[in-house]
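Working notes, beginning with the structure itself.
The values are calculated or read from the model by the stated rules, or taken from the named source; none is laboratory data. This one's a predicted model, so the numbers in the text were calculated from it and none came from an experiment. Because the Cβ atoms are built from the backbone with ideal geometry, glycine has one as well, and the counts that use them run over all protein chains shown. The protein model used for the area step is the full one, side chains on, heavy atoms only, and it has no ligands, DNA or RNA in it. Shrake-Rupley method; radii C 1.70, N 1.55, O 1.52, S 1.80 Å.
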Amino acid sequence: MLAVVTFTDPRKTALSMEREKAIFEKHKSLISELKNEGFEVLDVNNSLGKEKDLVNGGNFGIDSKGDVLRAAKTINSEEVSGIIVGLWHWTESNLVTLLVKETNKPLLLYADDDPAWAGTTCITSVGASLWESAINEHALNHVRVKGDVEKVKAWARAVEAVSKLSKASLLLWGAPYTLGMEHLMDDLPRLKQFIGDFIMLDQYVLIRRAEEILANEGERIEKFLEWLNSNVEIVYDGKMLTTEVLKKQIALYLAAKDSWKEFKDEVMAVSVKCQPELSEIYGVTACLIPAFFPFNVDAEGEKQVIPATCEGDIKGTITSALLFYLSGKPPLFGDIKYVDDEIILIANCGASSLYYAGLSDDPYENLKRTKIQGQCQGKSGGALTYRTPPVKLTFARLIRKGGEYYLIYFLAEGVEIDEEIEGKLKWGKQWPHTAIKNPLNKEEFINIMGANHLSAVPGDYTKELKFVAKIWGIERINLNEL
């Protein structure tokens, strides 16, 4: 929920009533724009009865410390993720400072481009006062926008996503780090500046539950296998992928699904370590987890999209969840498999969200473009193969260097994986691949990457990510600006 609150000049000046009528219309117009975009909005002025005050000849805007304290109480009584302050004309800066002190939430100062009123004077005065007082991090990191409602919406998406992340948990099956990749590990208490909590379970939870399903819920396995046969091309090879191997993979996925259900009210995203405990010791890869968790249907019907990553990648999981909350689209997750001066190939080691097989809102159209075939690693298992159609994608990655966090992101144009590119693939050609244009050159790209994993969603969310970094108080690196 967003709170919108408009301030005004406490003084009785010329054109007072005309001014109040004007800011009332501007206030209502901004709220209408936000609601039309799907945001839930708390109209603070209306909650305080300021519309009635206007009808009775008083001010519509907040104009006293008493008003401010009542406004703060109203905001704090709701689950507000951020506050938009309407500064259409002059107000006394200390009133806004008091609101920021009493609420301590992400803050955007907004004025339109109407030259009839002193919005520009007000927004610069209030912003400078917040910097001067430095009463909290939101006073220091506030955002100022003038006349650009679309930018306000981008900020709103950012604060809503940040708020959701701050209250939710990550579910990790298997403790990182995987295969000696130290960057997949992190300082978990420090990461709580971004997310709510961690639920860390041993992968034995999945193995034990999978064995129970195989022993006692054969009908559930058979139903899932039949559904796959009806909707996905399956290529058995008698070695890496057999019917029994695929049944074991199905059981692992269903075990993960059952495990997630125990915590579904608080979990925003999941990650499975997989290698080597599942892929080598238990004997099958867990590829159906990253394929079907971030997908809206499986053999048991329509389901919630849950961002999922592999190898216990904590920062990658947070990044995927962030992109999901910003866009509402299933996030892609994968390795930076290849880069040259022209293209980058992203390919996860066995599976990524099946949404990217066709980018269709009809999940069954995406399944038609998916093939399950034998893996190139692990003791056994099937990889879920597809090639993402060309589409504009926003990529992102939360990284840490020298103990400091950074948010890397960039907008990239998709590239068709033609016969020439396909013909060069060998290792991992069974994996899902996504090709994009390189926003830099190969040397610049590999030298700035703080991980071998990236997350992505369709569309342009670079404005939102810029605001996320500001709200989090960390440095941002937009590769498109380098």
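Counting only residues that are among the hydroxyl-bearing types (Ser, Thr, Tyr) and either assigned to a loop (DSSP other than H, G, I, E, B) or outside the structural domain of Ser129 (by the TED database) (or both), which one in the range 59-114 is nearest to Lys153 (Cα to Cα)?
Once the filter is applied, the top-ranked residue is Ser81.
Could you tell me how many of the residues in the range 390-413 are touching a strand residue (DSSP E or B) at 6+ places or on another chain (Cβ under 8 Å) and closer than 21 Å to Thr309 by Cβ?
Number of matching residues: 16.
Quickly run through the range 303-359 and pick out the residues that are under 15 Å from Leu393 (Cα atoms) and free of Cβ contacts under 8 Å to residues at least 24 places away in the same chain.
Residue satisfying the conditions is Gly328 alone.
Ala321 passes all but one of (1) part of a strand (DSSP E or B); (2) open to solvent by less than 10 Å² (accessible area, probe 1.4 Å); which number fails?
Condition (1) is where Ala321 drops out.
What number of residues within the range 395-416 are out of contact with any Pro (no Cβ under 8 Å at 6 or more places or on another chain) and either crowded, with 19+ Cβ neighbours inside 10 Å or assigned to a strand (DSSP E or B) (or both)?
Residues meeting the conditions: 13.
Among the residues of the range 426-453, write down those that are outside any loop (DSSP other than H, G, I, E, B), more than 15 Å from Gly414 (Cα to Cα) and either not β-branched (Val, Ile, Thr) or not assigned by the TED database to the domain that holds Gln373 (or both).
Within the range 426-453, Lys442, Glu443, Glu444, Phe445, Asn447, His453 qualify.
Tally the residues that are in a loop (DSSP other than H, G, I, E, B), open to solvent by 10 Å² or more (accessible area, probe 1.4 Å) and either over 27 Å from Glu300 (Cα atoms) or modelled with pLDDT under 95 (or both), restricting the search to the range 330-360.
4
Need the failing condition index for Ile306 against (1) open to solvent by 40 Å² or more (accessible area, probe 1.4 Å); (2) of a type in the set (A, V, I, L, M, F, W, C); (3) within 30 Å of Val152 (Cα to Cα), just the number.
Status for Ile306: all satisfied but (1).
Looking at (1) open to solvent by 10 Å² or more (accessible area, probe 1.4 Å); (2) in contact with a Ser or Thr (Cβ under 6 Å, 6 or more places away or on another chain); (3) of a type in the set (A, V, I, L, M), can you tell me which one Val44 breaks?
Every condition holds for Val44 apart from (1).
Inspect all residues belonging to the range 179-187 and state whether any of them is touching a residue at least 60 places away in the same chain (Cβ under 8 Å), open to solvent by less than 60 Å² (accessible area, probe 1.4 Å) and of a type in the set (A, V, I, L, M).
yes
Considering only the range 224-257, state which residues are within 24 Å of Tyr364 (Cα to Cα), loosely packed, with under 14 Cβ neighbours inside 10 Å and of a type in the set (D, E, K, R).
Glu226
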